[in-house]
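K.L.:
I have a structure here, written as structure tokens, and I will follow up with some questions on it.
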Amino acid sequence: MSITVGVLSIQGDVCENMAASHQALDEMNISGNVIPVKTPSAISDVDVMIIPGGESTTIGLLTLAGDTLATLGERIRGGMPTLGVCAGLILLAGDVTDRMLGGTGQPLLKVLDIKLERNSFGRQRDSFETILSMKPLGIGDFPGVFIRAPSVTAVSPDVEVLSVYDNRIVAVKQNNTIGTSFHPELSGSTELHRHLIGMARR
Ligand code: GLN
């Protein structure tokens with residue numbers, strides 16, 4: 001079996017997610033490839049999707065072009081295992097506000113039944129690292145890298161909370177979709193990327 005991992009390649013830490021995905025495939029001894037995704041036709045080639053961190057407003061607006069956002073939403077609703085990292089988590093959310101600005105009116109995929117606050121932990125200079133666990137996935141001692149990170153402020157009963165830090169929800173899962181406030185591709189651990197690829201295998 002061969003697995004193709006797609007990384008939405010509009011803006012943000014695309015290369016880091018592609019590298020972590022390559023490494024995860026290697027470590028799992030799975031033959032596969034990792035491709036950048038920019039267009040609806042590229043989305044049809046992938047088994048697993050990653051929406052990287054970056055600037056969610058920019059990624060969302062540019063992904064609207066040529067129906068990429070709509071096609072991505074259809075695939076995710078159809079069950080494609082998907083990971084949204086930081087800005088990626090924001091794009092997956094149903095309801096988004098900004099800590100300073102309030103409503104953002106930005107394009108969203110709305111596949112996670114969550115409310116989310118952007119820039120929840122402060123500005124760039126308030127970026128930090130801490131050790132987290134994602135117990136429902138069997139992942140402990142995971143380095144959490146937070147860069148202008150959002151937090152999840154409310155979840156519907158269908159959403160599983162994977163990780164809490166400082167009384168704030170920082171990772172969630174709903175069916176085939178995982179979102180993290182932090183950056184697993186910068187953690188030095190491929191554990192979450194391996195988990196995601198494992199979802200496609202099952
Ligand atoms: N603060 C960014 C946003 O709201 C997300 C930052 C990130 O992805 N590291 O889009």
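The values are calculated or read from the model by the stated rules, or taken from the named source; none is laboratory data. None of these values were measured; they are calculated from a predicted model. All Cβ positions, glycine included, derive from the backbone under ideal geometry; neighbour counts span all protein chains shown. When the accessible area is computed, the model is the full protein with side chains, heavy atoms only, and any ligands, DNA or RNA have been set aside. Shrake-Rupley method; radii C 1.70, N 1.55, O 1.52, S 1.80 Å.
K.L.:
Tally Lys/Arg at +1 and Asp/Glu at -1 over every other residue whose Cβ is under 14 Å from the Cβ of S31; what's the total?
P.N.:
-2
K.L.:
Follow-up. Over the Cα atoms, compute the radius of gyration (one decimal) and Dmax (the largest Cα-Cα distance, rounded to a whole number) for the chain, in Å.
P.N.:
Every Cα atom of the chain included, Rg and Dmax give 15.3, 47 Å.
K.L.:
Calculate the spin-label point distance for A19 paired with S41, positioning each point 7 Å from the Cα along the beta-carbon direction, and give it in nanometres.
P.N.:
The two pseudo-label positions are separated by 3.1 nm.
K.L.:
So, one more: How large is the charge dipole for segment 135-202, taken about the Cα centre, if only the Cβ atoms of Lys, Arg (+1) and Asp, Glu (-1) carry charge, to the nearest 20 debye?
P.N.:
That gives a dipole near 160 debye.
K.L.:
Leaving out ligands and nucleic acids, and using a 1.4 Å probe, what accessible area per residue does segment 58-187 come to in Å²?
P.N.:
Here the residues of segment 58-187 average 43 Å² of exposed surface.
K.L.:
Then there is this: May I have the pair-distance distribution P(r) for segment 71-147, computed from all Cα-Cα distances with 5 Å bins from 0 and rounded to whole percent?
P.N.:
3, 13, 19, 21, 20, 16, 7, 1
K.L.:
How much mean residue ellipticity at 222 nm does the chain get from its helices, if each DSSP H run of length 4 or more adds -39500 (n - 2.57) and you divide by all residues, to the nearest 500 deg cm²/dmol?
P.N.:
Estimated from H runs of four or more residues: -7500 deg cm²/dmol.
K.L.:
Now a separate question. Assigning unit charges at the beta carbon (Lys, Arg +1; Asp, Glu -1) and nothing else, what dipole magnitude in debye, to the nearest 20, does segment 7-159 show about its Cα centre?
P.N.:
400 debye
K.L.:
Considering Cα pairs under 8 angstrom that are at least six residues apart, work out the relative contact order of segment 52-198 and quote it in whole percent.
P.N.:
Answer for segment 52-198 is 24 percent.
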